[in-house]
Amino acid sequence: MTRPVSNNLRERVVQAITSGATCRAAAARFGLAVSSAVRWSQHYRAAGSVAPAKMGGYRKFVLEPYRAFIVERINQTPQLMLHQLKEELAARGVKVSHDTMWRFLRREGLRLKNTVRSRAGTR
């Protein structure tokens, strides 16, 4: 992802537009896309600033609200398999992928125990 354009250029474009130039003329003058000039002037009129909006941010995890349930199920049933846990969550209305379950467990430091049968099948 690219960086936002400097505030200096944004201010000069918006100043040209507020001084009476059209968005097309300001874009041509500063070598920009017309859509950028339009968005910057709209943002200036709405927010009073030409500063770019925040990029990125914190992403909430889908399974975070169900952490207590997941921990309780792992403690209750040590031989619980990942797909069984995933099916129990689906019964509660939370449908996630196998990978999402695995990454959540790994990030939280939770482990599912392997059964003797599952270990024997891999040899």
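The values are calculated or read from the model by the stated rules, or taken from the named source; none is laboratory data. Note that the coordinates shown come from a computational prediction; the quantities given were computed from them, not determined experimentally. Note that we place each Cβ from the backbone using ideal geometry, even for glycine, and neighbour counts take in every protein chain shown.
Scanning region 43-97 for residues that are at pLDDT 85 or above, more than 19 Å from Glu108 (Cβ to Cβ) and assigned to a loop (DSSP other than H, G, I, E, B) yields Gly48, Ser49, Val50, Ala51, Pro52, Gly93, Lys95. On the stretch given as region 1-17, residues that are β-branched (Val, Ile, Thr), at pLDDT below 95 and surrounded by 12 or more Cβ atoms within 10 Å (Cβ to Cβ) total 1. Working only within region 47-101, note down all residues that are within 30 Å of Thr2 (Cα to Cα) and in contact (Cβ under 8 Å) with a residue 24 or more places away in the chain. Correct list: Val50, Ala51, Pro52, Met55, Phe61, Val62, Thr100. For region 27-41, the set of residues classified as closer than 21 Å to Thr2 by Cβ, surrounded by 12 or more Cβ atoms within 10 Å (Cβ to Cβ) and not hydroxyl-bearing (Ser, Thr, Tyr) consists of Ala27, Phe30, Leu32, Val34, Ala37, Val38, Arg39, Trp40, listed by residue number.
Residues of region 98-123 that are at pLDDT below 80 and outside any helix (DSSP H, G or I): Leu112, Lys113, Asn114, Thr115, Thr122, Arg123.
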